[in-house]
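Here's the structure we're looking at; comments come further down.
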Amino acid sequence: MDSKTMIDLCKKHTMYSWAKGNAVNPLPVARAEGIHFWTPDGKRFIDFNSQLMSVNAGHGHPKIKAAMKKQIDEMLFVFPGTATEPRAKLGAKLAEIAPGDINHFFFTLSGAESNENAIRAARIFTGRQKILSRYRSYHGATNLCMQLTGDPRRWYNEPGTPGIVRVMDPWPYDYSFGKTEEEITANNLQYLEEMIMYEGPQTIAAMIIETITGTNGILPPPAGYLVGLRALLDKYDILLICDEVMAGFGRTGKWFACEHGPIVPDLLCMAKGLTSSYAPLGAVGMRTKIAKHFQENVFWGGLTYNSHCLGLATALANIEVYEEEGLVENAARLQSVMTEEMQRLKDKHKTVKSFRNIGLFGMIDLQKDSEGTPMAGYNSTSECMGVLGDRFRELGLFTFVRWGSFMANPPLTITEAELREAFAIVDEALEVTHAYFEGE
């Protein structure tokens with residue numbers, strides 16, 4: 001099918017997420033391999049965002065595809081109350097790589113379903129109802145997860161599930177005001193403890209966080225935050241849920257981002273990199289104390305496709321690829337290369353305000369003047385950012401432009417040479433932003 005026919009039929013008969021149908025301009029894709037994908041007309045793109053920060057093992061990996069084909073030939077679906085070989089093997093493998101005593105897993109089909117079931121487990125386990133979440137967050141598009149979410153996509157899904165209490169993030173929205181990371185951590189934890197007091201700790205089941213804030217900034221927590229948060233919640237017997245749907249499976253240079261704390265959450269939510277998006281699968285990992293509770297008490301949740309054999313087999317092969325090819329280690333090694341390239345862009349382009357990355361999880365912010373005014377404000381866009389997005393596409397680079405920033409989240413299979421090639425394209429594209437800079 002040619003590009004025009006593909007686009008026209010998709011727009012005529014299907015609905016796109018987070019978009020007005022008449023405004024969407026879908027990118028036609030015919031095939032993908034490694035860090036690249038191609039349009040039907042043969043134009044090649046570097047996938048600089050791993051699609052949705054999820055194709056960690058790269059596109060079309062032969063070992064993962066072979067495992068999927070093998071499972072299709074053997075068995076696809078049996079009801080969730082059965083025991084199967086892929087379920088047995090994946091549970092054991094996840095227990096091996098997950099931090100601390102997280103050794104029991106409930107399988108889902110997505111990150112949102114993982115977060116939903118983590119909240120359900122926390123409420124049943126504690127007998128409490130309130131959940132703390134943060135404003136600079138995204139936890140999924142289901143009814144409950146939209147209320148856990150702080151970013152503006154929540155507004156159009158309200159009112160929703162009751163019992164969600166949103167709190168400020170450790171990083172203020174404009175964090176360039178001179179305080180040290182330790183001071184920022186101390187201030188936020190003091191504020192959070194006051195919030196817990198006002199809400200009544202005996203009413204709060206859990207707090208859910210993105211261990212590394214994802215689409216709302218790719219923000220690693222300030223120094224000491226994770227350890228301090230873990231201690232504060234322990235003080236009041238409040239569970240900690242870490243949403244690692246984006247940050248897990250090597251993206252930050254460790255299997256899970258909470259290991260940077262280092263901390264062990266009570267519940268660990270995963271999806272995306274669990275299968276590198278080759279098949280739908282999510283999971284909730286839980287510590288021994290919670291797993292023991294549900295060995296003696298009913299977990300009131302279930303899904304028709306829970307523990308679907310194809311997803312489980314895909315995940316197992318995917319994890320083996322991480323291990324055999326050293327993808328977690330590659331993300332850690334290339335962290336300094338990404339940082340170096342981002343610094344080079346900041347030194348060269350007056351429109352680059354700031355940048356950050358941990359492993360291969362990165363973002364660059366743009367400014368429209370020397371005062372640091374964002375090129376586009378909170379929940380808005382600008383002509384400049386639209387032009388930049390178009391220029392990325394023209395030059396064969398796929399990534400997400402959001403508000404006044406853009407992302408740098410390539411597959412973990414990327415080489416140093418390929419990473420520098422991608423940043424050379426970014427360098428060229430940024431030239432179009434200079435015309436929108438106000439001042440010298």
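The values are calculated or read from the model by the stated rules, or taken from the named source; none is laboratory data. Source: prediction; values computed, not measured. For neighbour counting, all protein chains shown are included, and Cβ atoms are generated from backbone atoms with ideal geometry for every residue, glycine included.
The set of residues from segment 262-276 being in a helix (DSSP H, G or I) and over 13 Å from the mean Cα position of the chain (by Cα) is empty. When segment 30-55 is filtered for residues that are crowded, with 17+ Cβ neighbours inside 10 Å and either part of a loop (DSSP other than H, G, I, E, B) or hydroxyl-bearing (Ser, Thr, Tyr) (or both), the ones remaining, listed by number, are ILE35, THR39, PHE48, ASN49, SER50, SER54, VAL55. Looking at PHE355, PHE361, just one residue is touching a residue at least 40 places away in the same chain (Cβ under 8 Å) and either hydroxyl-bearing (Ser, Thr, Tyr) or buried (at least 18 other Cβ atoms within 10 Å of the Cβ) (or both), and that residue is PHE361.
The set of residues from segment 292-339 being buried (at least 18 other Cβ atoms within 10 Å of the Cβ), among the small types (Gly, Ala, Ser) and in the same structural domain as LEU239 (by TED's automatic domain parsing) comprises SER307, GLY311, ALA313, ALA315, ALA317. Checking the structure you have, find out if any residue of segment 379-392 is among the charged types (D, E, K, R) and under 19 Å from PHE256 (Cβ atoms). Within segment 379-392, none of the residues are among the charged types (D, E, K, R) and under 19 Å from PHE256 (Cβ atoms). If you filter segment 215-232 down to residues that are buried (at least 19 other Cβ atoms within 10 Å of the Cβ) and of a type in the set (Gly, Ala, Ser), you find that the one that is farthest from ARG136 (Cα to Cα) is GLY228.
Which helices (runs of 4 or more DSSP H) does segment 281-379 wholly contain that include 1 or more residues that are within 25 Å of SER114 (Cβ to Cβ) and in contact with a Ser or Thr (Cβ under 7 Å, 6 or more places away or on another chain)? First the steps, then the outcome.
On the way: elements: 288-296, 309-325, 327-348.
Those helices (runs of 4 or more DSSP H) span 309-325, 327-348.
If a residue has to be of a type in the set (D, E, K, R) and crowded, with 24+ Cβ neighbours inside 10 Å to count, how many in segment 242-265 make the cut? The qualifying residues number 3. Whenever a residue of segment 283-305 is modelled with pLDDT under 95, it has no partner that is loosely packed, with under 12 Cβ neighbours inside 10 Å lying with C-beta atoms less than 6 angstrom away and at least six residues away or across chains.
When segment 108-148 is limited to residues that are within 16 Å of the chain's Cα centre (by Cα) and among the aliphatic types (A, V, I, L, M), the one that is farthest from TYR236 (Cα to Cα) turns out to be LEU109.
As a summary of the residue check, LYS69 satisfies the conditions (1) surrounded by fewer than 18 Cβ atoms within 10 Å (Cβ to Cβ); (2) among the basic types (Lys, Arg); (3) in a loop (DSSP other than H, G, I, E, B) except for the one numbered (3). Filtered by the rule that a residue be touching a strand residue (DSSP E or B) at 6+ places or on another chain (Cβ under 6 Å) and either assigned to a helix (DSSP H, G or I) or exposed (fewer than 15 other Cβ atoms within 10 Å of the Cβ) (or both), segment 199-208 gives GLU199, THR203. Can SER370 be described as out of contact with any Leu (no Cβ under 8 Å at 6 or more places or on another chain), within 20 Å of GLY439 (Cα to Cα), of a type in the set (Gly, Ala, Ser) and surrounded by fewer than 23 Cβ atoms within 10 Å (Cβ to Cβ)? Spelling it out, SER370 is indeed out of contact with any Leu (no Cβ under 8 Å at 6 or more places or on another chain), within 20 Å of GLY439 (Cα to Cα), of a type in the set (Gly, Ala, Ser) and surrounded by fewer than 23 Cβ atoms within 10 Å (Cβ to Cβ).
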